[in-house]
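A.B. asks: Sending over a structure as structure tokens; questions will come in a sec.
The values are calculated or read from the model by the stated rules, or taken from the named source; none is laboratory data. Please read all numbers here as calculations on a predicted model, not as lab measurements. Quick reminder, even Gly has a Cβ in these numbers, built from the backbone with ideal geometry, and neighbours come from all protein chains shown.
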Amino acid sequence: MNYKTRKIVLNGLLTALVCIATMVIQIPTPGTNGYINVGDGIIFISSILFGPASGMVAGGIGSALADILSGYSHWALFTLIIKGFEGYLVGILIRNNHTIIKNIFATGIGSLVMITGYFLAGGILNGSFIASAASIPSNIVQGMVSMVIAIVLSNCLSKVSYVKAFKYKAKA
């Protein structure tokens, strides 16, 4: 299988994983009419291991699809933009040289993008930025949990031969 085909298949699988991770573990947050999930962890892993394009595609499309399938379709466009940018930015900050410190920094910035993005989107959807501020604590928890998941798993997965081989071909 050539590199382009492998990249398309990989991005499809990562997108599905983000969607599933977002939908399977949903902790409702009554104050925000939303939910805490671990989909950001998969977005971060996608960005760390496979770069900004994979993080953007998996994050944006996978998360927006989860919103649509979970009954939060009014958030889907905002989610597509926020999570896509989050995945892209983490991938750009990491590049191909990732260390634990760089992973913490990049996923921290990605979490800030998510927190800020949903605060602004909530302000637009609710017509009140004061009401939208109620989402900040739960989004901080979501970001921090996702950071821990992503840093631990991406460190382990980076040792897998498929991931190593894919990164090697991506550089060529």
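A.B. asks: Quick one: what pairs do we get from the range 125-148, first residue in contact (Cβ under 8 Å) with a residue 24 or more places away in the chain and among the small types (Gly, Ala, Ser), second loosely packed, with under 15 Cβ neighbours inside 10 Å and not in a helix (DSSP H, G or I), C-beta under 7 Å, 6+ apart or different chains?
C.D. replies: Hits for this filter: ALA134/GLY31.
A.B. asks: Name the residues in the range 96-121 that are over 18 Å from MET56 (Cβ atoms) and over 17 Å from the mean Cα position of the chain (by Cα), would you?
C.D. replies: ASN97, THR99, ILE100, ILE101, LEU120
A.B. asks: Here is a list: ASN37, ASN103, ASN33, ASN96. Which entry is at positive phi and polar (S, T, N, Q)?
C.D. replies: On inspection, the qualifying residue turns out to be ASN33.
A.B. asks: If I ask for residues that are more than 10 Å from the chain's Cα centre (by Cα) and among the aliphatic types (A, V, I, L, M), which ones from the range 24-56 would you list?
C.D. replies: Residues satisfying the conditions are VAL24, ILE25, ILE27, ILE36, ILE48, LEU49, ALA53.
A.B. asks: Out of (1) over 14 Å from GLY87 (Cβ atoms); (2) modelled with pLDDT of 95 or more, the odd one out for GLY41 is which?
C.D. replies: Among (1) over 14 Å from GLY87 (Cβ atoms); (2) modelled with pLDDT of 95 or more, GLY41 violates only (1).
A.B. asks: Separate question: Which one of the conditions (1) in contact (Cβ under 8 Å) with a residue 60 or more places away in the chain; (2) closer than 17 Å to SER111 by Cα; (3) surrounded by fewer than 23 Cβ atoms within 10 Å (Cβ to Cβ); (4) not hydrophobic (A, V, I, L, M, F, W, C) does GLY84 fail to meet, given that it meets all the rest?
C.D. replies: So GLY84 meets the others, but not (1).
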